[in-house]
Amino acid sequence: MSNQKLFNVAVVGATGAVGEQIIGLLEKRNFPINQLKLLSSARSAGTKVTFKGQEIVVEEAKPESFEGVEIALFSAGGDVSKALAPAAVERGAICIDNTNAFRMDPDTPLVVPEVNIDAINEHKGIIANPNCSTIQMVAALKPLQDRYGISRIIVSTYQAVSGAGARAIDEMVRQSSEVLAGREVEPQILPVGALPVKHQIAFNVIPQIDKFQDNGYTLEEMKMVRETKKIMDDESIEVTATCVRVPVVYGHSESVYVELKNEYELEDVRKLMENAPGITLVDDPANQQYPLATEAAGKPDVFVGRLRRDLGHTRGLNMWIVSDNLMKGAAWNAVQIAEFIAIEQ
Ligand SMILES: NC(=O)c1ccc[n+]([C@@H]2O[C@H](COP(=O)([O-])OP(=O)(O)OC[C@H]3O[C@@H](n4cnc5c(N)ncnc54)[C@H](OP(=O)(O)O)[C@@H]3O)[C@@H](O)[C@H]2O)c1
């Protein structure tokens, strides 16, 4: 990306699990930066972060922080985005928002570059990054939608604790050593920081991610339903989701059953996956090769395997989809969007 305009960039939530990955990717990808502003709450203001060998002091995020900022990447929670993204837009910034704040706003494009890159052009200042579990699923399903059409998706997720932020990682590590030492575990964060009841995550599986809605589904499950339809631009796709937290640090795994509108050959699906952008096919049962969270961690791709036809429904396909939730599920998808904006300007 040489001979390009350089941008004033802000990362909001710079000290968080996602923010840290965004900063790492901006450096690794040599993003065309003139000035980088790192923003957090008052708690972490003053922290120093090294970027390209130089120390940057993290500042408290305020509306004035966005004076002169051209691209702002937000990952500091929905309330912060709601409060500060409009202030950043007023000052001329394009915001890429990792939170749930604007995803279903009809004026805000919800973008996975491999699926609907053209939607970026409709932005009015804010572009939303979808939910991590949705991103990896739609990236893998897009080639099937284009080739066969999709009528139905049934997904069960096995989501890493890093999806709930840096404190949830600390909690799982702490609880694991407490259990191994035979000590009492006192859960403090999961399943939902803002709710009173907490559950042990070490050596456990929790079928709740985010708050329950009136319909009995959790917010995470409803995000998968609504966001999939919006990104794939097809309200008729039937989606049902069960989202589960598992004691894995990085990488969400998903069991996805997809019903296609037209008959398919498994070999053709394999070829589609092999050639799809951002997808790596790992599907060799004879040699016990399939996607694993431990292998996906730290990598940008979405890994697909365990491809097999449903036993009762000839247009039904089962797949196993794994990706690092902090990379493609958050930071990498956001930086891909930022790179697209940088190239367009
Ligand atoms: N983790 C994932 O896999 C993932 C994936 C997609 C989207 N997201 C979304 O990204 C957001 C951040 O997630 P995370 O996992 O990175 O969380 P995290 O590790 O808890 O980090 C939160 C970040 O937000 C900052 N922050 C908190 N309150 C703030 C305030 N009032 N003003 C400014 N900054 C504030 C924190 O700064 P301090 O250090 O000062 O507290 C920290 O930098 C969430 O909305 C989440 O839903 C996360």
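Quick note: the coordinates plus some simple rules give every number you see, no bench work behind them. Computed from a predicted structure; not experimentally measured. So basically every Cβ, Gly included, is an ideal-geometry build from the backbone, and we count neighbours across all protein chains shown.
Coupling constants for the stretch 338-345 follow from the phi torsions by the Karplus curve (6.51 cos²θ - 1.76 cosθ + 1.60, θ = phi - 60°), and in residue order they are 4, 5, 4, 4, 4, 5, 5, 8 Hz; glycine and proline get x. Descending by average beta-carbon neighbour count within 10 Å, the peptides 164-176, 127-139 line up as 127-139, 164-176, the highest first.
Reducing the stretch 59-114 and the stretch 1-38 to their Cα centroids gives an inter-centroid distance of 15 Å.
Each residue, Ala83 and Ile341, gets one label point 7 Å from its Cα in the Cβ direction; the gap between the two is 2.1 nm. Each residue of the stretch 44-53 was assigned a 3J(HN,Hα) from its phi angle through the Karplus curve 6.51 cos²θ - 1.76 cosθ + 1.60 (θ = phi - 60°); the sequence is 9, 4, x, 4, 9, 10, 8, 10, 6, x Hz, with glycine and proline shown as x.
Averaged over residues, the count of other Cβ atoms within 10 Å places the peptides 188-201, 13-26 in the sequence 13-26, 188-201, highest first.
On full extension, the segment bounded by Leu266 and Ala42 gains 75.3 nm, given 0.36 nm per residue less the C-alpha separation. When the listed pairs Lys142/Lys211; Lys223/Lys328; Lys198/Lys223; Lys142/Lys271 are checked against a 20 Å cut-off, the alpha-carbon distance exceeds it for Lys142/Lys211; Lys198/Lys223. Our coupling estimate for the stretch 213-224, obtained by passing each phi through the Karplus curve with A = 6.51, B = -1.76, C = 1.60 and θ = phi - 60°, is 9, 4, 8, x, 8, 7, 4, 4, 5, 5, 4, 4 Hz, Gly and Pro reported as x. Between the amide H of Gly251 and those of Ala160, Asn325, Leu326, distances stay under 5 Å, these residues lying 5 or more places away or on another chain, with hydrogens modeled in the peptide plane. Straight Cα distances below 14 angstrom link Lys52 to the aspartates and glutamates Glu20, Glu27, with same-chain residues fewer than 8 positions distant left out.
When the helices of the chain are scored as -39500 (n - 2.57) per DSSP H run of n ≥ 4 and the total is divided over every residue, the value at 222 nm lands at -9000 deg cm²/dmol. Of the residues Phe203, Phe74, the one with the fewest other Cβ atoms within 10 Å heads the list, and the complete ranking is Phe203, Phe74.
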